[in-house]
Amino acid sequence: MRVLLGILLLALGACAVQLSNYQISDVLLYGIQERHTIFYGKLEAGQTRAVQLDSSSVTLSGNVPLGALAIPNALTVNGAATLPSRPKAIREVMSVATIPLTTDLSVLTRDQIKALIYFDGRKWFDVGSRDDIEKDVKLRLNLRERNTGLRGIGELSNTEADALQGYLQDKKQALVIGLLEYPNIPDSYLNLSPRPDKVNLTALYVQVGLPVDLLGGFTNTEPLTVRALTNGSNSTHNSPSPLLRWDTSASSFNNTWQLIAGNQVPLPSAPSLDFSRSSTISFFMGQKPSGGYGLALATTRVENGVLQLRFNLSEPAPGRPVTLAITSPFVAVQISGGSRFQRVQAINNSTGSVLAQLEQSSR
């Protein structure tokens, strides 16, 4: 009995690790509604094998594939370079247009897009990444020339990217390509039997041709800009807890200015700022028992509607002499441009912990 059980377990183990000896790269092109599946495996010229796709049979061959999207080291599938099919229909993911008298683009996305690239008929350009593109908000974005074409997009190999690039450029029109993320697409993996050893899936939304945007209505025309206003260690914030203030008006900032400069005699005038185009963020580290404490702004970014300011915090080294005067370090900056944000976070850059956050502007 034990011998039979051992043989059964060995058989099951062999089945579990048995490879199907082929792989696929699945390329979904929404917008133009094409799906191209590329097969790879070890077949010599003239050799064939069959795999099942749902209830039909697909014939793979070791012959060198020819035609559109042909990859030299891929297999021929049903006599062609790829297995073509149609992805499921989806709504228009993005609407991109040119802006008269500029090289910028008008971009409106309706779903999350990981990256956006543009082909003007001659050159490829990066338009934006997830950090630049805000869903359901019309943005004006500038172009950055992209020398790598479609290489580095999704899970495409360089050979596949070059083949797809040539295939799309043959349409002889301007193109915009958005990289979508699986599983945020309606299609799933192909039901192949035996299952491939590996599947690389790349989902793109392809817009062929660009209209002209004459109406504008952009939410943002500038990149995120951070300008230092002031910093120091002698604020009037007298709590040991951190304090974050977000000011979107002169009257609100005047209250913050009292915290920043209230210990100076005479009180200097607050800087004159244009709050119609910018806001201020002030972070107070909290009252400390001596000198040697400080903070400095490390990085700033907007992610998922949150403005994240990461600070490097410092404190006196053990045994090092410091002033015994009470201190209260702070940093104040002016923010303009960039994507809209509804929350501000001050983050410890070394630990990633949130020191303070606000949901709305200071009053």
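Quick note: the coordinates plus some simple rules give every number you see, no bench work behind them. A quick note: this is a predicted structure, and the numbers were derived from the prediction, not measured. Methodologically, a virtual Cβ is constructed for each residue, glycine included, from the backbone with ideal geometry; neighbour enumeration extends over all protein chains shown.
Numbers at a glance
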{"quantity": "Alpha-carbon spread of the range 184-300, three principal axes, descending order, Å", "calculated": "79, 45, 18"}
{"quantity": "Ordering of 59-65, 264-270, 189-195, 244-250 by packing [mean C-beta count within 10 Å, highest first]", "calculated": "244-250, 59-65, 189-195, 264-270"}
{"quantity": "Anchor K138: lysines whose Cα lies under 21 Å away (excluding residues fewer than 8 positions away in-chain)", "calculated": "K114"}
{"quantity": "Mean residue ellipticity (222 nm) of the chain, computed from DSSP H runs ≥ 4 via -39,500 (n - 2.57), nearest 500", "calculated": "-3500 deg cm²/dmol"}
{"quantity": "Residues in the range 30-54 reached by a label modelled at D197 [backbone nitrogen below 13 Å; 7 Å Cα→Cβ]", "calculated": "40-43"}
{"quantity": "Order of I260, I32, I185 under a 10 Å beta carbon neighbour criterion, fewest first", "calculated": "I32, I185, I260"}
{"quantity": "Difference of contour (0.36 nm per residue) and Cα-Cα distance, S188 to N263", "calculated": "20.7 nm"}
{"quantity": "Efficiency of FRET from Cβ geometry, T219 and K172, R₀ 30 Å, rounded to 0.05", "calculated": "0.35"}
{"quantity": "The chain: angle of helix 250-261 to the longest principal axis, Cα-based, in degrees nearest 10", "calculated": "70"}
{"quantity": "The range 113-255 - Kirkwood radius from inverse mean 1/r over Cα pairs (Å)", "calculated": "19.5"}
{"quantity": "Exposed GluC sites (Glu not before Pro) absent: longest stretch of the chain, with sites in DSSP loops and at most 16 other Cβ within 10 Å deemed exposed", "calculated": "182-358"}
